[in-house]
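Enquirer: Submitted below is the structure of interest, expressed as structure tokens.
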Amino acid sequence: LPSVLRVGDCQLQAHCRIQKCTTDFVSLTSHLNPALDGFDLEFCKALRAYSACTYRNSKVCRGDLVYHSAVLGISDLMGQRNCSKDGPTSSTNPEVTHDPCHYSGHAGARDHRGGEQTSPPTYLFCGLFGDPHLRTFKDHFQTCKVEGAWPLIDNNYLSVQVTNVPVVPGSSATATNKITIIFKSYQDCTDQKVYQAVTDDLPAAFVDGTTSGGDGNTKSLRIVEKVSGKYVEMHARYIGTTVYIRQLGHYLTLAIRMPQELAMAYEESQDLQLCVNGCPSSERIDDSGHLPLPVMGQLLPQSGTAHPRSVYTLETATTKCHEKMLVKDIYFYSCVFDLLTTGDANFTAAAHSALQDVEALHPRKERWHIFPSNGGGGVSKGSKLFVSLGLVCLILVAFL
């Protein structure tokens, strides 16, 4: 009898192919980008294919705990994505339906490793907004001057350059009034496409007048206008990249999500990229990530230059920013800084939209918020000392 059971166990393990079902599902979904249109449709098709695979193996896998976990997981995911049980399914052989102009996370890797299979792609996020505040691919948060034209990204696939101008006289703070993006030609997927936006001119087309790249219905690169003259998105599915550009007030903001393997594909001569290495130390306004927020409505001196008084005090700026952002993270403090620096309430909307773009594009939810305690920003050391001295004085007065 023990011998029979052992034989039966081997037969069960040989025929239960739940691992193959799971591997196929991962292959079908690893390239999908939640930020792109059609994600739910493709994800649901893959889920239905996964479900069908488990059903075909239900008899031989009925004693397998992994199988039962997979069935429960599929049910949960279908509920979360509102997937119907009936409908089209994805092909369980991804190689058959491979689209060379749809980034799968393996295209770049195959070029360098001779076709070896790799793990699902890692995506990176970079954003620029406000005075300007930069969030790099490494999730470092900086506030910089960078007046004039500076490269945000410059790799083998994409080039992004921004131009920043002074916001108010007497301040080293600048803001972005021009963005130029070059999508470099790639195989048969797209010719080179150039996009340019300037203040009060945020077009929904490339400079050649087209709105997409690629032949026929492929549209491996396309522009989607979300709000006329105020908000556009660019989806380059052949390189798995999404770009958001907004105009808020007189200035522009940018957010981008790109696969790590492509973002890091550049030559040594292209090392000046703000999204990759951050701003040069000589261009930093913040002190190791801490913003020089004023205390009690008084602006801190900057290089000995008199700065125009903002219409906001620290209290009113804090209240204004709190209306849009309940969490006091670096985006909240950036909002306060910008209001006190410029007096322009549009910067409140810029900070809020920048955080929304993070939530839409950043691949890791636990990193959406950056807090001062983690070195991301907040009141500068000088300001903290000033506040501490004030508290000491109040205590002394109370005892006198």
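Enquirer: Quick test for you: out of 194, 243, 207, pick the one residue that is part of a loop (DSSP other than H, G, I, E, B), over 21 Å from residue 145 (Cβ atoms) and either modelled with pLDDT of 95 or more or in the same structural domain as residue 31 (by the TED database) (or both). Can you show your working first?
Expert: Details: 194 fails: part of a loop (DSSP other than H, G, I, E, B); 243 fails: part of a loop (DSSP other than H, G, I, E, B).
From the options 194, 243, 207, the qualifying one is 207.
Enquirer: Using the structure shown, decide if residue 163 is over 15 Å from the mean Cα position of the chain (by Cα) and either crowded, with 20+ Cβ neighbours inside 10 Å or not in a strand (DSSP E or B) (or both).
Expert: It is false that residue 163 is over 15 Å from the mean Cα position of the chain (by Cα) and either crowded, with 20+ Cβ neighbours inside 10 Å or not in a strand (DSSP E or B) (or both).
Enquirer: Looking at segment 19-69, which of its residues are among the hydroxyl-bearing types (Ser, Thr, Tyr) and closer than 30 Å to residue 243 by Cβ?
Expert: Hits for segment 19-69 are 27, 29, 30.
Enquirer: Same structure, new question: Give the residue, chosen from 269, 303, that is modelled with pLDDT under 90, among the hydroxyl-bearing types (Ser, Thr, Tyr), open to solvent by 40 Å² or more (accessible area, probe 1.4 Å) and outside the structural domain of residue 227 (by the TED database). Give the derivation first.
Expert: On the way: 269 fails: outside the structural domain of residue 227 (by the TED database).
Just a single option satisfies the conditions, and that option is 303.
Enquirer: Now for a different question. Scan segment 34-59 residue by residue and report those that are more than 30 Å from residue 239 (Cβ to Cβ), open to solvent by less than 40 Å² (accessible area, probe 1.4 Å) and not in a helix (DSSP H, G or I).
Expert: 57, 58
Enquirer: OK, next. Check segment 23-33 and report whether any residue there is open to solvent by 80 Å² or more (accessible area, probe 1.4 Å), out of contact with any Pro (no Cβ under 6 Å at 6 or more places or on another chain) and either at pLDDT below 85 or assigned to a helix (DSSP H, G or I) (or both).
Expert: no
Enquirer: Counting just the residues of segment 60-87 that are more than 20 Å from residue 29 (Cβ to Cβ) and part of a helix (DSSP H, G or I), which one comes out most open to solvent (accessible area, probe 1.4 Å)?
Expert: My answer is 65.
Enquirer: Now, a different point. Could you tell me how many of the residues in segment 316-340 are more than 15 Å from residue 255 (Cα to Cα) and open to solvent by less than 10 Å² (accessible area, probe 1.4 Å)? Don't jump to the end; show me each part of the working.
Expert: First, the residues of segment 316-340 that are more than 15 Å from residue 255 (Cα to Cα): 316-330, 332-340.
Narrowing further to those that are open to solvent by less than 10 Å² (accessible area, probe 1.4 Å): 317, 321, 325, 329-330, 332, 334-340.
The total comes to 13.
Enquirer: Identify the residue in segment 212-233 that is polar (S, T, N, Q) and loosely packed, with under 15 Cβ neighbours inside 10 Å and, among all such residues, is nearest to residue 163 (Cα to Cα). I'd like the intermediate steps shown before the answer.
Expert: From segment 212-233, those polar (S, T, N, Q) are 212, 217-218, 220, 228; that's our starting set.
With the extra rule that they be loosely packed, with under 15 Cβ neighbours inside 10 Å, the set shrinks to 217, 228.
On the way: 217: 34, 228: 22 Å.
By that ranking, first place goes to 228.
The values are calculated or read from the model by the stated rules, or taken from the named source; none is laboratory data. Everything quoted here is computed from the prediction, not taken from an experiment. Positions of Cβ are generated from backbone atoms using ideal geometry, with glycine treated the same way; all protein chains shown enter the neighbour counts. Note: accessible area is taken over every heavy atom of the protein model, side chains too, but ligands, DNA and RNA are not part of it. Shrake-Rupley method; radii C 1.70, N 1.55, O 1.52, S 1.80 Å.
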